[in-house]
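Asker: My structure is below; once you've seen it, I'll send some questions.
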Amino acid sequence: MNQERVAWLVKELLRELGEDSEREGLLKTPERVAKSLAFLTKGYRGNLTEIINNAFFASTERSMVLVQNIEIYSLCEHHMLPFYGHCHIGYVPKGKVLGVSKLARIAEHYARRLQIQERLTFQIAQEVMKQVDAEGVGVLMECRHLCMMMRGVEKRCSVMKTLSTLGSFGENADIRRDFLHLLEKSPV
């Protein structure tokens, strides 16, 4: 991303909005916005192989692994406004498990792009399935969308939930039910 070009575009946008881009409070805003956008969209430039860093561990267990309440921040692709909430990832391993922090890193990698929650949920599930070669994967996301809260319909208490189930999570109602039941329990 060319941050100088983005800063110039932000300066032009400020002018189009009717602002004086040379006033004290806005002098460094274009550069700040460019830097912020580079961070908020770093998922386009990240390398999952480096992020995962071969953090696989042999395991004979076939019990469900669940990481709950992974904080998620993303930008909706329709209005470029934030949506935020929690991502819950479960999988049943077959032969190997992934270092627990790597699940959060996978979620972060895909969240740091212009997104829709539905696609984000599926991308995370698909990536975990691919990386771990799991028997099955379930991903549940619960997010609030500022594009719906502060503009448009202005429904401030609304929460969107999306669920993606792959492999045994999609095929076996008992596994899916166990996953969803565990999510009802309060985290430690």
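The values are calculated or read from the model by the stated rules, or taken from the named source; none is laboratory data. In this text the structure is predicted, and so the values were computed from the model without any measurement. Reconstructed Cβ throughout: ideal geometry from the backbone, glycine too, with neighbour counts over all protein chains shown.
Asker: Is there any pair with a first residue in segment 1-22 that is free of Cβ contacts under 8 Å to residues at least 40 places away in the same chain and a second that is among the acidic types (Asp, Glu) whose Cβ atoms are under 6 Å apart and which are 6 or more apart or on different chains, and what are they?
Answerer: Filtered contacts from segment 1-22: ALA7/GLU31.
Asker: Here are LYS161, LYS155, LYS130, LYS102: which of them is assigned to a strand (DSSP E or B), of a type outside the set (A, V, I, L, M) and either touching a Pro at 6+ places or on another chain (Cβ under 6 Å) or in the same structural domain as HIS79 (by TED's automatic domain parsing) (or both)?
Answerer: The unique qualifying residue is LYS161.
Asker: Would you confirm, using the coordinates I've provided, whether HIS86 is in contact (Cβ under 8 Å) with a residue 40 or more places away in the chain and either more than 27 Å from ASP133 (Cα to Cα) or touching a helix residue (DSSP H, G or I) at 6+ places or on another chain (Cβ under 8 Å) (or both)?
Answerer: Criteria not met by HIS86.
Asker: For segment 1-27, what are the residues that are basic (Lys, Arg) and either in contact with an Asp or Glu (Cβ under 7 Å, 6 or more places away or on another chain) or surrounded by fewer than 11 Cβ atoms within 10 Å (Cβ to Cβ) (or both)?
Answerer: ARG5, ARG23
Asker: May I ask you to verify whether ILE51 is part of a helix (DSSP H, G or I), β-branched (Val, Ile, Thr) and over 15 Å from VAL139 (Cα atoms)?
Answerer: Answer is yes for this residue.
Asker: Which is surrounded by fewer than 20 Cβ atoms within 10 Å (Cβ to Cβ), under 22 Å from ASP178 (Cβ atoms) and not polar (S, T, N, Q), of LYS155, LYS94?
Answerer: The match here is LYS94.
Asker: Just to be sure, is TYR110 over 17 Å from LEU40 (Cα atoms), surrounded by 15 or more Cβ atoms within 10 Å (Cβ to Cβ) and either aromatic (Phe, Trp, Tyr) or modelled with pLDDT under 95 (or both)?
Answerer: Considered against the rule, which asks whether it is over 17 Å from LEU40 (Cα atoms), surrounded by 15 or more Cβ atoms within 10 Å (Cβ to Cβ) and either aromatic (Phe, Trp, Tyr) or modelled with pLDDT under 95 (or both), TYR110 comes out as no.
Asker: I'm trying to understand the selection: among the residues of segment 1-15, which are modelled with pLDDT of 95 or more and assigned to a loop (DSSP other than H, G, I, E, B)?
Answerer: Passing the criteria: only ASN2.
Asker: Please give the number of the condition GLY170 fails out of (1) part of a helix (DSSP H, G or I); (2) farther than 27 Å from ALA58 by Cβ; (3) not charged (D, E, K, R).
Answerer: Of (1) part of a helix (DSSP H, G or I); (2) farther than 27 Å from ALA58 by Cβ; (3) not charged (D, E, K, R), only one is false for GLY170: (2).
Asker: Any residue in segment 109-121 that is on the phi < 0 side of the Ramachandran plot and of a type in the set (D, E, K, R) sitting within a Cβ distance under 6 Å of a residue that is assigned to a helix (DSSP H, G or I) and at pLDDT 95 or above? List the pairs, counting only those 6 or more apart or interchain.
Answerer: Listed pairs, sorted by first residue: ARG112/LYS42; ARG112/GLY43; ARG113/GLY43; ARG113/TYR44.
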